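Novice: Encoded as structure tokens, here's the structure I'll be asking about.
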């Protein structure tokens, strides 16, 4: 089988022509053509409207499609298709990417597209949905970019195929380039401009209108620095001034972080704002990598709690024993929580890429805006003059309407009528045609009055427009007032904080909390906290706050431990560093910032905390009193390897009603019983026993009576006794019907295991004490929820009757010493 020839036959008149071209010249020419296309048609924004061609085409086409803010949303795919088919001869991906960025509030300081759907997340951790799923329309501010575009305010050029026309620049009623910034990489050059605050930029522009010779320092009083959509903190302002002066500079952005109690046991760093274009996923990934490689210490956990209601919230839990501020400095140093932003203000001015400072950027924009307003005024004046010409012609006809009708009726045709009217009334062709086209119903007396009013209004408006066009001062005044109106409507508060410096960083050597002295406090509502120092909190003596009744306070160190004695006879170890720390400004015992005991310890049902104790084996030990009248002094023997210890062997049905750590061993122990008996004896009468021992007889109880209070009182201090009586049918402490406050020295010492003396006389309907306490003055009373209660005046009678309480009392305590 013969093979068919694949050589194409040449025509008879074919003449081969081969050109020898230097490859260097060809590559140079092609590269320059490519570079020119990238610079002018893709990568760099125009300094007038602050837009690259793709952004300008999107905004213009959306305006042409009528996608106003008050209209409904349309599919983004429809907008992309219109832009690509009519104006932008590139792929749909680049158009949609630009549209998405204009809709992201974390990318644009003043978004130009109102998006509906998933338009991505900060740092592009969650990419936007496909354009067939998302919808868009113009944002409220976008109408300012295209305002008056149909009034010959800007030039138009043919599109890529010559079938459509597109604007060279948008009218731009606000300085979009400074407000929203820009970024792009061209050939041999790039631009990177940060966003600014609209109100500040407009204020600077208005000042430059009034004072064209203003210097940079004056303008920076209005625009002190960038205002990023994601907030954050700009550290160091020298680079910003360099950029505003020369067009090039850099600055550092830090995340906005606060130190909070993220759990009852731990403090944490709560990040609410991240550097521009940095997402939480990037930060989390970097932190986990550093922790895994052991380059970062002190981090317990990282959680992203960001939601639509609260916005960005990245919680970084700090391990106990580490200083959060020191950990934060390490995070700034090692993670994207601190980023640098290099400013490079490159934009197109009259078709040339230039590097511009702040003043030059404002001047280019204002020159553009002056030209837009001037052309708009000329266009409007021309339109009003044309209308005035028609109105004046119609008024001439109305003055002699009968003659006009006669001329028209006597004419053979409309052309003859037109010529005769022009000759008879000295009208122009346009006026005559307008008269002929006007229906007879418009030629009434009332319409004449309306036309005269319209003529006067048009003359006034034409005079105003002429005054603007003939006076540069009036033109500048109008532009300034329009900018002020834009600022009033769309300006928002500054989001980014400007700092001269980062302050003194916490040294890496001080990353962990020092083992400094402190105090551990327990409130009447079961809140635990620690102070910043080992000194007792002062008693303000003024207005009391909630949770200020401190039932137990012991000295400790920041990295030490204390013991917690419960009503079941257990002593539980508690790490001090886990407790929340009261602010350094605390001037009175108030545990509002504390955490519940249940956050740190697991208690049995009906088990309560009696007191706190140090684990110092050189102390005189604990004093414990039980419901059945047993007293015990515990030998301070607390093995370090045990988290739970038994401090008393309780009999069946018995439980601890009070416990206190002895400071000197010379204290008096006080029992108060339900039948209003008080027994006071010296602690030295009680022999110290080992932890498993069951104690010894403390107070002799009458039949049916039980101990309701046991405390240790220093006889050298000013002390008081509080008792509250009620009915045996209601043993709730808050059901007291009368109460009494008596000086402690009114009660004599008695021997251990005796019945004591009467401490309150019952009134009618009372037969039992429901609440009692003895301790150092001044006594503090509180309700169950910690709300303070005022106590009655001191009654010197030890066995007198009580007086009514203004509010129910649930607990008593002394000073937080």
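Novice: Given the condition in contact with a helix residue (DSSP H, G or I) (Cβ under 8 Å, 6 or more places away or on another chain) and either crowded, with 21+ Cβ neighbours inside 10 Å or outside the structural domain of residue 60 (by TED's automatic domain parsing) (or both), answer yes or no: does some residue in segment 150-158 qualify?
Specialist: Residues of segment 150-158 that are in contact with a helix residue (DSSP H, G or I) (Cβ under 8 Å, 6 or more places away or on another chain), as a first pass: 151-154.
Then keep just the ones that are either crowded, with 21+ Cβ neighbours inside 10 Å or outside the structural domain of residue 60 (by TED's automatic domain parsing) (or both); that gives 153-154.
Yes, that holds for at least one residue.
Novice: Of all residues being in contact (Cβ under 8 Å) with a residue 12 or more places away in the chain and more than 21 Å from residue 167 (Cβ to Cβ) in segment 83-98, which is nearest to the chain's Cα centre (by Cα)? Just the residue, please. Lay out the reasoning, then the answer.
Specialist: Keep residues of segment 83-98 that are in contact (Cβ under 8 Å) with a residue 12 or more places away in the chain, which gives 83, 86-90, 92, 94-96, 98.
Then keep just the ones that are more than 21 Å from residue 167 (Cβ to Cβ); that gives 92, 96.
Details: 92: 36, 96: 30 Å.
Across segment 83-98, the extreme among qualifying residues is 96.
Novice: Which number in (1) more than 23 Å from residue 347 (Cα to Cα); (2) over 27 Å from the mean Cα position of the chain (by Cα); (3) free of Cβ contacts under 8 Å to residues at least 24 places away in the same chain marks the one condition that residue 119 misses?
Specialist: (2)
Novice: Still on this structure, I have one more. How about segment 168-198: which of its residues are buried (at least 20 other Cβ atoms within 10 Å of the Cβ), outside any loop (DSSP other than H, G, I, E, B) and either in the same structural domain as residue 84 (by TED's automatic domain parsing) or touching a helix residue (DSSP H, G or I) at 6+ places or on another chain (Cβ under 8 Å) (or both)?
Specialist: Listed by number, the residues that qualify are 176, 177, 178, 179, 191, 193, 198.
Novice: Could you say which residue among 742, 754 is part of a loop (DSSP other than H, G, I, E, B) and assigned by TED's automatic domain parsing to the domain that holds residue 521? Spell out the reasoning first.
Specialist: Values: 742 fails: part of a loop (DSSP other than H, G, I, E, B).
Just one listed residue meets the conditions, 754.
Novice: Which number in (1) in a helix (DSSP H, G or I); (2) under 22 Å from residue 229 (Cβ atoms) marks the one condition that residue 498 misses?
Specialist: For residue 498, the exception is condition (1).
Novice: Pick from segment 133-148 the residues that are at pLDDT below 95 and assigned to a loop (DSSP other than H, G, I, E, B): which of them is nearest to residue 229 (Cα to Cα)?
Specialist: If we take residues in segment 133-148 being at pLDDT below 95 and assigned to a loop (DSSP other than H, G, I, E, B), then 141 is nearest to residue 229 (Cα to Cα).
Novice: Does residue 206 count as touching a strand residue (DSSP E or B) at 6+ places or on another chain (Cβ under 6 Å) and at pLDDT 95 or above?
Specialist: Values: touching a strand residue (DSSP E or B) at 6+ places or on another chain (Cβ under 6 Å): no; at pLDDT 95 or above: yes.
So residue 206 fails the test.
Novice: Of the numbered conditions (1) under 18 Å from residue 116 (Cα atoms); (2) part of a helix (DSSP H, G or I), residue 83 fails exactly one; give the number of that condition.
Specialist: So residue 83 meets the others, but not (1).
Novice: Still on this structure, please answer the following. What strands (runs of 3 or more DSSP E) lie completely within segment 585-682 and have 1 or more residues being in the same structural domain as residue 721 (by TED's automatic domain parsing), loosely packed, with under 15 Cβ neighbours inside 10 Å and touching a residue at least 40 places away in the same chain (Cβ under 8 Å)? Explain how you work it out, then say what you get.
Specialist: On the way: elements: 609-613, 622-626, 630-634, 644-646, 656-661, 668-673, 677-682.
Of the strands (runs of 3 or more DSSP E) lying wholly inside segment 585-682, those with at least 1 residues that are in the same structural domain as residue 721 (by TED's automatic domain parsing), loosely packed, with under 15 Cβ neighbours inside 10 Å and touching a residue at least 40 places away in the same chain (Cβ under 8 Å) span 644-646.
Novice: Turning to a different aspect of this structure: Does residue 246 count as out of contact with any helix residue (DSSP H, G or I) (no Cβ under 9 Å at 6 or more places or on another chain) and touching a residue at least 40 places away in the same chain (Cβ under 8 Å)? Steps first, please.
Specialist: Working: out of contact with any helix residue (DSSP H, G or I) (no Cβ under 9 Å at 6 or more places or on another chain): yes; touching a residue at least 40 places away in the same chain (Cβ under 8 Å): yes.
Answer is yes for this residue.
The values are calculated or read from the model by the stated rules, or taken from the named source; none is laboratory data. Predicted, not measured: the structure shown is a model, and the values here were computed from it. Reconstructed Cβ throughout: ideal geometry from the backbone, glycine too, with neighbour counts over all protein chains shown.
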